[in-house]
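The values are calculated or read from the model by the stated rules, or taken from the named source; none is laboratory data. As the structure is a computational prediction, the values presented were derived from the model and not from experiment. Cβ atoms come from the backbone with ideal geometry, glycine included; neighbour counts cover every protein chain shown. Side chains are part of the model used for accessible areas, which takes the heavy atoms of the whole protein and leaves out ligands, DNA and RNA. Shrake-Rupley method; radii C 1.70, N 1.55, O 1.52, S 1.80 Å.
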Amino acid sequence: PVLAIGSHHLEYGFPSTHSTNSVSIALYVFLAIHEQYTSQSSVSTLTYVSCTILLGLYALSIVFGRLYTGMHSITDVVFGSFLGALLCAGHTFLWLRLEDWLVGQPSSALGLFIPSWTGPLTTVIACALMVHRHPQPAEDCPCFEDAIAIVSVLGGVLIARFVSITRGL
């Protein structure tokens, strides 16, 4: 039996952002614990296995919950989960270089000289565009305010890092 009572076509869509977030967070935390377990041996085997099981249960409960309550279809949660894994992989392999550019570290990525101010300028423009162009939900939804807050905080953190780096703090 499905728990959904009313119509959900106005708020829930493709892909399931709950699935995306839960899978990306579970994978990110797993990778952090895995690194501690394999490289520094600061995590015991029992802790490593327990955390791995708990993270798997966390992600599965969110994904299955979206299906069980009828808020998403199987396609929504499968693609959302795939997107979460893709985001985690992108973060793992690209974030440090991208962050260096965004906060204005001198970079020679791809063999090109990129001025240090282009990253922070891009951050400000991208954040302003995302906030301005974010679609209004059909009904009141905390997701709108959450999205605006996340983009604003991320932009603020990157700009603060740029200022602290350029001033030698």
remark   = Heavy-atom accessible area with a 1.4 angstrom probe orders 162, 14, most exposed first, as 14, 162
query = Applying the Karplus parametrisation 6.51 cos²θ - 1.76 cosθ + 1.60 with θ = phi - 60° to the phi angles of the stretch 154-167, what ³J(HN,Hα) value in whole Hz is obtained for each residue in order, glycine and proline being reported as x?
reply = 4, x, x, 5, 5, 5, 4, 5, 4, 5, 5, 6, 5, 8
Highest average packing first - 90-96, 154-160, Cβ atoms within 10 Å = 154-160, 90-96
key: Rounded accessible area of residue 39 (nearest 10 Å², 1.4 Å probe)   = 80 Å²
query = Heavy-atom accessible area of residue 131 with all protein chains present, probe 1.4 Å, nearest 10 Å²?
reply = 60 Å²
